C-alpha cells in the first residue's frame, strides 16, 4: 500500500527543464490529439495511427501518448487512495452499531404504543362528533319540514280568509258598491262612479294578492310531497283554487266590459302568478273576440257589387283590424307593458288569431282551397297582411318570433297549401306553352294580335314570353314559392330550346317526325329566319328587362340570392342561344341543297370531252353562275335583311359558301380522278396495240389529252366561281376547300397564283360566335334526374341544380294528353323499368290503352353496370318521356338485407329471399318518384302467376293508397314472350331479346336467380354454363381460404379486420365466395299464389354471412332465446316472401330481433373450400360459454352432484306417468 500512496517522483526520474515550466500546461494537448477517442467502443489503434501518421511524426505521437499514459496513472493512484481512506473511516464509524440499535428499540416501542392509544381516542371522538352532526342535521331537516308545514297551513288559512271576503259575482260587487254609497255622506254621481271603480280595483288587487299566495302554496306543495299533512289539505287547497279561478274570471270579465286598466293589469298579474295564462286568453277570446268575429265572418248568399266571392277575406280583415284597434288595443298594450312580467300572455295568437282561424274554417272553408287560384292568392296575401298587422302590436323582435312560433300561428299558415297552388299554376302555365309547341306547324302572329312590346313573329315564341311573364305577375307569384317559380321559368326556357333543337335534329335524321317536330320538316329557310329572330328577341328580353323585373321583385332578398337568380336567368338565356348555331346550320343545309342541284351538270364534262375532238375550252361552264345564286337571293331577301343581324348573315354566308365549295370540290375531284384512271388505262391499251402492230409507240393524234381538257374546263369554272365568291364579299383563298380545288385542276404554272384573282375582297370573320358551355353535359342526365353525384365546379349546389334543369330535354313540362286510351285515362304513370322485353313493350301499351305519359324508373340494387347501360336510349325509343335512375344499393343492403340476416329469415329451409327483399325497396322508391314527378299511377311488369306482383302492390298500398296500379300482364292479350316480341315489332320498339332466349334471370347485390327453359323440369340438372356469380365447386381452388367476419349487434361490419360499408362488404364476399363456388341453391318452392316453381339461386356472400351470424349467436344467446328467435324467423321469412315488408307485424318482429341480438358482437373465422363454408373459430366479449364450467375438470361454480336433483325434478312427469301405467 505504501507504493500506492507515494506521490513524489522517484530519484530516477529526470528533473524538469525550463521549457517544462514555461511551455503549455501539463494537461494540455495538441489540437490533433483527442483523448476522448480512446473511450469510443469502436476505437481501433491501427486505424488511429494510420490516420495521424500523414501529418504527425512518430516521435511526437509517441511522446504525447506517454505523457497521456502518465497522466492516467496519476489519476488512478489518486482514486485508489481516496477509496482506501473512505473504507478506513467507515470501519471506524461502524464500531458498536448493534448495541446502538438495541438501545433505540425500547423508546421507539414505547412511542408506538402512545401513538396507537392516541389514535384510538381521536377516532372515538371523531365518531361521536359525526353522530352529533348527523343528529343536528336530522333535527334541522325536521325543523325545516315543520316550518314548511306551518307555512303551508298559514298560507292556506290566509287564502281561505281572503277568498271569503271576496264577492262571488259582479252583482255582489255592485251590491257592495251600493251599500258603501248608502253609508257615504256624499252620494253625487261622480263619487258613485269613483267608489265603484275603487271597489273593482280593490277586488283586483286582493285577487292578485291571493294569486301570489297561491303561488307560494304551489311552491310549498312541490317541496312537501308524500307528507300526510299536506295530502289532508289537498281538498282545501283545491277548493281555494276553484274559488280563486271563478272570482278572478268574474273580475277579469268585469274589467274587460268596463275597460278598467287597473283592474285588467291586476288580473293579468294574478293569472301570471298562478301560471294560468290560457284561462285569461280564453276568457278574452270568448267574451270580446268571438262575438264580434262571428258577426263579421258569415256566409254571404250573394256576391256584392264588386263581384267578389263569398269566400273573400279582405273586407273581413279590414273590419277585424278596426275592431282590434278599437276594442283590443288597451289589453294588448297592458300585456306588453315593459318590465311588467306580462309578456307570458299572447292574446294576438291564442285569442284573436285562434278565433279568426276557427271562424274561417267553419264559415268560409273555401277560402283555403287552392282550387280557385286567383281567389286563393288574394286571400293568402290578405292573410299575410293581417298577420303583419298583428305583428305590429308586438313590442320587440323576440315577441314577433314568439308570435310566429305559436302553435295556432303555425296551424294558420298550414291551411294555405301553397304547394298545390303552385302545381295548378304550373299546369296552367306549362300547359299553355306545351299546347302551343305541339302545333304541327309554325303559327304566325297577326298584326292585330300583337300585344307584347317585342316584335315577335311566331305564336310559339309569344306564348313562351307570356308564360315567362305570368310566372312573375303580381296576381300569380307567391313570394314564399319564388324558388319554384324560378325553376318553372328555367324549365320553360329549356322546353322551348328543346322544342327547337329536337325539331331540327328530327329534320336532320329524316325519321318520322315526333309530335311537335312536324313544323321543321316542311319549314323553309325563311321560316327558320323567323325562329332565329324570335330567339334573339327572347334572349335580349330574358337577360335584360325580364331579369331586371325579377331582380326588382326580389330586391328584399340577400345579395347571394340575387346573384343566384341572376346567374340562373342568364344561363337560361344561354340555353336559348345554344339553338342559334343549330338554326344557322339548318339554314345553311337548306341553301346548300338548293345550290348543289346545279352541280349535277358537272358529270356532263366527261361526256363532253371523252372521245371527241373538241378544242381546249376557253369559257366557264354555264352552271357555275347559278351555284351561289340561292345564297345571294336568300341574303338579299326581305326576310334576311329585316330579321337577321349582320353577324348572323356573315355566319350564314361563310358557312353556305364553305359547304357548297366542299361539295363542289369533292364532286370535281372524283370526276378528275376517274378521268385520269380511264386515260391511264386507255393509254396502256393503245401502247399494247401499237406494239403488236409494229407501229411507233410515240405517235399521238392529240397534243392535249382529254383529261387535260376536263381539268382546263374545271379550272375555268373554279375561276368564275371564285369571282362570284369575291362578289359576295369573301376571299376565296380563305376557304380551304377552294384552295384544294384550285390545286387539283390548275395547270402546273398556275398552282400558286390563287391570290391573283382580281376582285374586291371584304374581310369576314372565320369563326362563329362562341357560346359558354354549361358545366353539366347532357350525358350526365337521365330525364330530369342527375345519375352521377360527382359534378365538379365552382358553382354552388343550387346552381348545379339550375344547370341540370337547363340541360334537360324539357319533358318535365309535358301535360296531360287530351285523349283517353282504350282502357281509360291516366295522367302520368311511373313504370318499373328494366330494359327487358316485358317492360319495353309495356311503355307503348300504357300510352295506347291509358293515354298517359310514361316515366320509366330503374333502381340500381347492385345488378351491375352492364344492365344499366343504354337504358335511357331504350326507354326513349319505347316511347317514355324520361328515365329516372336511383342508386339504392346501400339502402337495399342496410335497411332490407341486414334486417333479414339478423332475423335469420330463410324461406322453406333454403331460399335466402334475394328477390323478395329487393321488391319492397324498388317499390318504395317508385312511390317517391311518383310524388316527385306528379304521377297518379304506377305500373310493373310482373306476371299474374308470380310473387312479385304481390310484393310490389302491397308496398304501393302501404305507402300511398291513392296511387292507381296497372299490371299489364293481368290485362292484355299477350300470352307469352313470342306475342310480346311481335307486339314490339309492330310498334317499332327495339327488343333486347329474341325468341331464342331461354333463362329468366333476376340479379341484385344479394343473389342471382335462374328460372325457365330446361329448369322447368325438376328432373333436369342445371347446365354448368348457366351460373354467372360462382364457379363450379369442382373447378374451385384446391387450397382453402380463411376469412374473418366482424359482427356488431347481429350485423356484419368488417371483413378481415377492415371496416366496410354494408354494400362494399357484401360485394367483397360475393367475389370471394363466388371464387370458391359458395352459395348455389337448387330448390322447388311454393309460390304465394299456390303453385310450385323451380329456381336456381346463387348467393355466395349471403351464404357466408348467414353462417357467420348464426355461429356467433350460438355463443351469445341462451337456449330459450335461440328457440324463440328461430320460431319467429320462420314467420319473418314468410312475411318477407309474401311482400308484407311494411306490415306492422314484421316491423314489430324486427324490433324484437334488434333487441335480442344486442349482445351478438364479436368475430367468426370461416374456411371456404370447394362450395362449403366451415366455421373454424368464433369469439365474443359477450360470450355465454365458460371454459371453466364446460370443462370435464373440477369447477367451483358447477357441482356435478347437483345434476341428480335436477334430473329427478325434470323427469318427474315421466316417472309419474310410468307409475300410473303400471298401476292400471
Query raised in the report: Where in the range 1115-1153 does the amide nitrogen come within less than 18 Å of the point 7 Å from the Cα of residue 1210, taken along Cα to Cβ?
Result: 1118-1124
Query raised in the report: For the peptides 1105-1113, 669-677, what is the packing order when you average, over each peptide's residues, the other Cβ atoms within 10 Å and list the highest mean first?
Result: 1105-1113, 669-677
**Report entry** Inter-site label distance for residue 1199 and residue 563 at 7 Å from Cα along Cβ, in nm
**Finding:** 8.3
Requested in this report: Once you have the Cα-Cα distance between residue 1028 and residue 475, take 0.36 nm times their residue separation minus that, and quote the gain in nm to one decimal.
Outcome: 192.9 nm
Query - Cβ-Cβ FRET estimate between residue 1174 and residue 1218, R0 fixed at 35 Å, reported to 0.05 - result: 0.25
Report summary line: If R0 = 60 Å, then residue 131 and residue 327, at their Cβ-Cβ distance, give a FRET efficiency to the nearest 0.05 of 0.30
Query - Label-zone membership for the range 528-560, site residue 638, 7 angstrom Cα→C-beta point, backbone N under 15 Å - result: 530
Query raised in the report: Where in the range 1113-1143 is the amide nitrogen less than 17 Å from a point lying 7 Å along the Cα-to-Cβ axis of residue 909?
Result: 1126-1127, 1129-1131, 1133-1134
Report task. Quickly work out the residue 739-to-residue 1061 label distance, labels modelled 7 Å from Cα along the C-beta direction, and quote it in nm with one decimal. Result -> 5.4
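Quote to one decimal, in nm, the extra length available between residue 68 and residue 556 on full extension: 0.36 nm per residue of separation minus the C-alpha distance between them. Let's see the in-between values first.
Working: separation 488, 0.36 × 488 = 175.68 nm, distance 9.47 nm.
Length gained, residue 68 through residue 556: 166.2 nm.
With a 10 Å Cβ neighbour count serving as the proxy for reagent exposure, in which order, fewest first, do 549, 533 appear?
The order, fewest Cβ neighbours first, is 549, 533.
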Query raised in the report: Among 732-738, 922-928, how do they line up from the highest to the lowest mean number of other beta-carbon atoms within 10 Å?
Result: 922-928, 732-738
Query raised in the report: What length, rounded to one decimal in nm, is gained on full extension from residue 1071 through to residue 945, with 0.36 nm per residue of separation minus their alpha-carbon distance?
Result: 42.0 nm
Report summary line: Highest mean packing first, using Cβ neighbours within 10 angstrom, the peptides 516-526, 1034-1044 sort as 516-526, 1034-1044
Requested in this report: Between residue 965 and residue 684, with labels modelled 7 Å along Cα→Cβ, what's the label distance in nm to one decimal, could you check?
Outcome: 7.8
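Provide the FRET efficiency to the nearest 0.05 for the residue 414-residue 315 pair, computing r from the beta carbons and using R0 = 22 Å. Kindly include the intermediate steps, with their values, before the conclusion.
Working: r = 24 Å, r/R0 = 1.10.
So the FRET efficiency works out to roughly 0.35.
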Query raised in the report: Order of 684, 1170 from fewest to most other C-beta atoms within 10 Å?
Result: 684, 1170
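No lab work stands behind these numbers, since they all come straight from the coordinates. Worth saying up front: this structure is predicted, and the values here are computed from it rather than measured. For neighbour counting, all protein chains shown are included, and Cβ atoms are generated from backbone atoms with ideal geometry for every residue, glycine included.
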